[in-house]
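Participant: I have a structure here, written as structure tokens, and I will follow up with some questions on it.
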Amino acid sequence: MSTERPRGYCALCISRCGCVGTVEDGVLTRVDPDPSHPTGQALCVKARAAPEAVYHPERILHPLRRTRPKDGGDPGWQAITWDEALDLIADRARAARARHGPRGLAFGVATPSGTAVADSFAWIHRLAHACKSPNLVFATENCNWHKDFSPALTFGAGIGMPDYDNTGCILLWGFNPATSWLAQATAAREAKKRGAKLIVIDPRRAGLAASADLWLRPRPGSDGALAMGLANLLLETGRFDREFVAAWSDAPFLVSERDGRALTGADLEQGGDPESFVVWDETKDAAVAAPQRPPNGAGDGLDATRLALRGNYRVMTVRGPVACRPVFELYAERCRAWPAARVAEVTGVPAEQLAAAADLIAGHGPLSFFTWTGTCQHTNATQTGRAIATLYALSGCLDAPGGNVWFARPPLADVAGFDQVAPGERALTLGLAERPLGPPGKGWITTRDLFRAIARGEPYPVSCFISFGSNFLLSKPDTRLAEEALRQLDFFVLAELFETPSARHADLLLPVCSAWEREGLQAGFQVGGAAEAHVQLRPAFVPPRGESRSDTWIVFELAKRLDLADAFFGGDPEAGLAHVLAPAGLSVAALRAERRGISLALETRYRKYRRDGFATPSGRLEFFSARLRAAGQDPLPDFVAPAAPRAPGFPLTLTTAKWPQYCHSQQRNLPSLRRRMPDPLVEIHPETAAARGIRDGDWVTVSTALASMRARARLDRHLAPEVVCAQYGWWQFPDGAGDANRLIDGEYFDPVAGSNSLRCWPCELSPARDA
């Protein structure tokens, strides 16, 4: 028997954990962690179940064409050749473009954070952009938007990564890395062993919360109030980095009480610089213009220690006297509205715990933090993110050693093609008019907006949809028009591994090989400087089964048939990969020869803002967002209560979470994982269960005003009595058991980003009658 041990990394989620496979006589038999890899210290049960996924009997192994009507019955799948499938897609895509223009063609892609589509993510975008389609369904609004893009309203960039090697205090907020980013969980544990403090903020006592120095249990959706309250405590006691705030943020900028606008140099004098901002110089006792970005941290003629952060001022402008206050005074006023007693009332977090958190934050720096879906899957996600970001700004630790750092990354070529999108094309993106600062600005649309276009032609019709993964019928809340739109679509093609509920609506299914059956490039493993400098070309552990192909192969083949080969390196994926690697001085051959990967000699420069400023309109970290103001939103952070319908008879709050066994709607058909969790669960406080005659392990009915589902009760005394935590993504039960998302109305969402209310919805529990 021949045995091989290929080295690579698991591509199933964003953690990209280093691993080594065991292949016996050409068959993948196991996958184990690779401790020599930057992210290989541990491996989750999903990765260990890789052989079951690869050899699962229900895999789609051939292109399949529908032969029966879309009436909810058997699609009548018929196997066809790849040439037939690709030609059919090209013909239908051309027909849609001829009928409606490029906007009649939409694309879709699964999340690269929770699936292996990351291998092809950029190429899928390139195809959409080359086709001039303004629309790509990507559920970023419920995933990475609020850690990677929305923070740019404050920081000019995403939140970065905790510098776990040097941090003194870690704040994990709505983020359980033990289930969603194992490499971060490992890094946090190591930091804690070194002496760093750990604060976990989560409605559930899950994962690292059990070993945290402090666990705070806010009510779902109340995180913004908690952030404002923490900021208030730090401001009241002066425990913030005044020098950083004054010199590198917009905190000193004067805002007119008359119209709520930050004054500029053009307000002070005729011909003044409209790109400069007005501050109050306490030494001169006068308003002066400050440059947009302090050059090299000095030389702007202003001493940051002289700039007023508090107070009321009367400024003589070209239009007469104007009453003004500094941005920081306005922010502090917002924070003062959140004393500990009010925070406790809204969040359920006792005043003494709030004080303890403030003490850890202020007394054990440098501070780092991470937040993800626990705070972003709410209707108030943007304002919550702003409240957390400005709280963190007070620490002065952004991009400093031990803080949240933007580590140096391998300089690869970006092939996604965003720079090829003309303004006129982007203006057609669905949802852009309603959410100009949200995902539509990058061409990323919601299924809600797509389905409205398909079913109602609003604001224009879409007739062809090409999606690479994404089981959106389960990963999104109940979306009106979903079934109607999928029936009306002239042509829907889906690249998938299994026939999911969403796949049953397709006209054509394309067989995608698993990550274990194809190459994949990862440049930067994120969890620290050394990890981020690592580049690896993951090999195919075993050949693709049947006629399955990689998403990248499908993209390149489609490009050739759509006369787009010139935009895809002559239709040669190998040439495309070489182009991607060229800026880093790497070759495909070198990476294939060094399967463990290659670590580049990169050096992270801290506090990059001292040279470059922040990528915001003011060039500084922004407490006051002129962009939000221009979009009709509140320019200052504050708590906004999560939106939900009035629902008498539904006194409990439904939230959801991930469990280690499954990710989104995947893996529930794998025997070893199903043995670990055979049925969907709903976590309930014992008192809440007893009041309803529910015992641990009973089947219960979770109901909202919209729908109901079954799940098994798991009693958890750590939950708040008014909160129940259910699962979503199950589609193995005919009655929809375990699909919490369909209990939630998709018409409730964040006004800036479109994020859905997946973590905070009125519900009730009762024993299941027919269990």
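The values are calculated or read from the model by the stated rules, or taken from the named source; none is laboratory data. Bear in mind that the values here come from a model prediction, so they are computed numbers and not experimental data. Positions of Cβ are backbone-derived with ideal geometry, glycine not excepted, and every protein chain shown enters the neighbour counts. Just so you know, the surface numbers come from the protein's heavy atoms only, side chains and all, with ligands and any DNA or RNA stripped out. Shrake-Rupley method; radii C 1.70, N 1.55, O 1.52, S 1.80 Å.
Participant: Note down the magnitude of the dipole of the range 405-514 about its Cα centre, charges +1 on Lys and Arg C-beta and -1 on Asp and Glu C-beta and zero elsewhere, to the nearest 20 debye.
Facilitator: Here the range 405-514 has a charge dipole of around 280 debye.
Participant: A further question follows. Mind ordering 559-568, 324-333 by average Cβ neighbours within 10 Å, highest first?
Facilitator: Descending mean neighbour count gives 324-333, 559-568.
Participant: Per residue, how many Å² of accessible area does the chain show with a 1.4 Å probe?
Facilitator: Each residue of the chain exposes 36 Å² on average to a 1.4 Å probe.
Participant: Taking the chain as the reference, fit the longest principal axis to its C-alpha atoms, fit the long axis of helix 381-393 to the helix C-alpha atoms, and give the angle between the two in degrees, 0 to 90, nearest 10.
Facilitator: 50 degrees
Participant: Identify the GluC sites (Glu not before Pro) of the range 202-272 meeting these criteria: DSSP loop state and at most 12 other C-beta atoms within 10 Å of the C-beta.
Facilitator: 269
Participant: On a 0 to 90° scale, report how tilted helix 121-130 is relative to the longest principal axis of the chain, with both axes built from alpha carbons and the result rounded to the nearest 10.
Facilitator: For 121-130 against the chain, the angle is about 90 degrees.
Participant: Work out the length of the dipole vector of the range 245-388 about its Cα centre, built from +1 on the beta-carbon of each Lys and Arg and -1 on the beta-carbon of each Asp and Glu, and round it to the nearest 20 debye.
Facilitator: The dipole magnitude comes to about 280 debye.
Participant: In addition: Run through the range 36-84 and list the chymotrypsin sites (Phe, Trp or Tyr not before Pro) located in a DSSP loop whose Cβ has at most 15 other Cβ atoms within 10 Å.
Facilitator: Listed in order of number, the matching sites are 55.
Participant: Compute the long axis of helix 447-456 from its Cα atoms, compare it with the longest principal axis of the Cα atoms of the chain, and write down the angle in degrees, 0 to 90, nearest 10.
Facilitator: Around 70 degrees separate the two axes.
Participant: Using the per-residue mean of other Cβ atoms lying within 10 Å as a proxy for protection, in what order, highest first, do the peptides 124-130, 718-724 fall?
Facilitator: My ranking of the peptides, most packed first, is 124-130, 718-724.
Participant: Give the ranking of 492, 639 by solvent-accessible surface, highest area first, calculated with a 1.4 Å probe.
Facilitator: 639, 492
Participant: I've got another one for you. Sort 458-467, 583-592, 348-357 for me by packing, meaning the mean count of neighbouring Cβ atoms within 10 Å per residue, highest on top.
Facilitator: 458-467, 348-357, 583-592
Participant: Also, I was wondering about something else. Excluding residues on the same chain fewer than 8 positions from residue 46, give the lysines whose Cα lies under 17 Å from its Cα.
Facilitator: Correct list for residue 46: 658.
Participant: On to the next question. I'd like the trypsin sites (Lys or Arg not before Pro) in the range 736-771 restricted to DSSP loop residues with at most 13 other Cβ atoms within 10 Å, sorted by number.
Facilitator: Taking the range 736-771 and a limit of 13 other Cβ atoms within 10 Å, the loop trypsin sites (Lys or Arg not before Pro) found are 769.
Participant: If you roll a 1.4 Å probe over the chain with all protein chains in place, what percent of the accessible area is carbon or sulfur?
Facilitator: C and S atoms contribute 50 percent here.
Participant: If DNA, RNA and ligands are ignored and the probe is 1.4 Å, what is the ranking of 509, 600 by accessible area, most exposed first?
Facilitator: Greatest to least solvent exposure: 600, 509.
Participant: How much of residue 67 can a 1.4 Å solvent probe reach, expressed as accessible area in Å² and rounded to 10?
Facilitator: 80 Å²
Participant: Using modelled amide H (1.01 Å from N, peptide plane; none on Pro or chain starts), what sits under 5 Å from the amide H of residue 9, excluding residues fewer than 5 places away?
Facilitator: Here 19 satisfy the definition.
Participant: Roughly how far apart, in whole Å, are the Cα centres of the range 47-97 and the range 624-655?
Facilitator: 41 Å
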